[in-house]
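I have placed the structure first, in the form of structure tokens, so that the comments after it can refer back to it.
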Amino acid sequence: MRHADVIVIGAGIVGAACAHVLAGRGLHVLVLDARLGGATAAGMGHLVVMDDNPAELALSQASLALWHAWGPRMTADQPGCAYTNCGTLWLAANDAEMAGAEEKAQRLQRHGLPCELLDAATLRRLEPALRPGLRGALKVSGDSVVYAPNAAQWLLQQAPRQIRFEQAEACRIEGGRVQLVDGSWREAQAVVLAAGIHATRLCPELPIRPKKGHLLITDRYPGVVRHQLVELGYISNAHQTDGTSVAFNLQPRSTGQLLLGSSRQFDTTDPAIDQDVLARMLRRALDYMPGLAGLNAIRTWTGFRATTPDSLPIIGRHPTRDQLWLAVGHEGLGVTTAPATAELLAAQLTGGPLPLDPAPFAAQRFSLEGLAA
Ligand SMILES: Cc1cc2nc3c(=O)[nH]c(=O)nc-3n(C[C@H](O)[C@H](O)[C@H](O)COP(=O)(O)OP(=O)(O)OC[C@H]3O[C@@H](n4cnc5c(N)ncnc54)[C@H](O)[C@@H]3O)c2cc1C
């Protein structure tokens, strides 16, 4: 018996966006989620245009355009989605980083993305809590912030066609059939795997590795920070493929709290707070904003990003497994890129016009032997 047109495994931000967009195309969607805990509940929710390569820029730019449409609607319906258009300030500590900011500005402007370079005095006026002596910043106005767990819930609840949800763990995919741990099967024409870091349990051939991150949130200090603040060094740290790195990344939440990141660590799946890494992250933050030392932190936690060898997500049909579609490997950018991921996947699955070039995201870019399992 067929239970839906499409089964989506995973109700994080990527699975929820896929279900929302597929339902918008008139399909009956069944979402299965085991509540295993995922990156969506652990991340920062910074909606940010990233431009390290053309594919990343295309995916994040297309996604931001959709977030600008979805964000205000979801927050009007459900204030807890907390979508705010605060913009990002990419901070330059010295002349070399300012030169990097200028190059980044030119690249973004070539793609029609509004941004402006700020000198040291303007930066200080906009964010007086930053330490004096920073060289300047690049302000990217369209970047925003959302509370991703609530946004995922909204996407499932406010879909154009009702989405069915079942709390259940999938343990096997066979064609269009999904087996649950209780032994029962759910059947559809297509299955979308959006299980984040857990995707390798169902598809061990996928080249996905976990990358651990630490976050800290403070008590409420409204107005201390107005923009998402990121050091320019974040970009090189974010793309390291080994070792541990930290970078200054601070987000003002609509509650008045400050959310502080970020760290990146390979080769561990231990969710415990690593005191050394947290201390490194805090020292880095204090270097940019010494006043943080006087604020009250109320919680620290960790999460795991699902990384791929080239740091781009895998979106599209599985090369060898019939009826299986992939929306995985979104690393540290999956909240941002969920909307365009969903549009691309839905266009491929239903045969509509493609919103962007699918080739950089195709699973075929990795070794086919690995994916043939
Ligand atoms: C510390 C940190 C900071 C981050 N900051 C940002 C940021 O600022 N901006 C940004 O864009 N991104 C950020 N990210 C990345 C972002 O959070 C992820 O890319 C995104 O949440 C991935 O969403 P997902 O839906 O693919 O996976 P997940 O959120 O992990 O969801 C997967 C879901 O699948 C379910 N599942 C798994 N296996 C099964 C199964 N067998 N059966 C049924 N259900 C199953 C799980 O229960 C889970 O709900 C950050 C991540 C971390 C860890």
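Odds and ends about this structure:
- Nearest 10 degrees, 0 to 90: helix 95-110 Cα axis against the chain principal axis: 50
- Binning the alpha carbon pair distances of segment 104-153 at 10 angstrom intervals from zero yields the distribution 22, 34, 30, 13, 1, expressed in whole percent.
- Considering only beta bridges that DSSP places wholly inside the chain, some 70 percent are antiparallel.
- Seen against the Cα atoms of the chain and their longest principal axis, helix 54-77 is set at about 90 degrees.
- Shape index of the chain: Rg/Rh, with Rg the Cα radius of gyration and Rh the Kirkwood radius from the inverse mean 1/r over Cα pairs, equals 0.97.
- Ratio of the Cα radius of gyration of segment 1-114 to 2.2 N^0.38 Å, where N counts its residues: 1.35
- Reachable aspartates and glutamates from K212, criterion Cα separation under 20 angstrom, eight or more residues apart if same chain: E231, D242, D267, D270, D274, D276, D310, E331
- Mean Cα-pair separation over length for the chain, i.e. relative contact order, pairs under 8 Å, 6 or more apart, %: 23
- Where the Cα pairs of segment 1-67 fall when distances are cut into 5 Å bins, in %: 3, 15, 19, 19, 19, 16, 7, 2, 1, 0
- Geometric extent, Cα atoms of segment 249-371 - Rg, Dmax (angstrom): 19.1, 56
- Divide the volume of the convex hull around the Cα atoms of segment 92-224 by the residue count and you get 233 Å³ per residue.
- Only helices enter this figure: runs of n ≥ 4 DSSP H residues, each worth -39500 (n - 2.57), summed and divided by the residues of the chain, yield -9500 deg cm²/dmol at 222 nm to the nearest 500.
- Calculated from backbone phi, Karplus (6.51, -1.76, 1.60) coupling profile of segment 289-300 in Hz, x at Gly/Pro: 9, x, x, 4, 4, x, 8, 9, 8, 10, 7, 10
- At most 15 other Cβ within 10 Å, DSSP loop - trypsin sites (Lys or Arg not before Pro), segment 33-110: R35
- Angle between the chain longest axis and helix 13-24 axis [Cα atoms, degrees, rounded to 10]: 50
- Average accessible surface for segment 203-335: 39 Å² per residue, computed with a 1.4 Å probe over protein heavy atoms with every protein chain in place.
- Relative contact order, whole percent, for segment 39-174 stands at 33, derived from Cα pairs under 8 Å and 6 or more residues apart.
- Additional length obtainable on full extension of the chain from N85 to R110, 0.36 nm per residue less Cα span: 6.8 nm
- Under 22 Å from the Cα of K139 - lysines, other chains or at least 8 residues apart: K104
The values are calculated or read from the model by the stated rules, or taken from the named source; none is laboratory data. All of these numbers come straight from a predicted model, not from anything done at the bench. Counting neighbours? That spans all protein chains shown, and the Cβs are built from the backbone with ideal geometry, glycine included. Note: areas computed on protein heavy atoms with side chains; ligands, DNA, RNA excluded. Shrake-Rupley method; radii C 1.70, N 1.55, O 1.52, S 1.80 Å.
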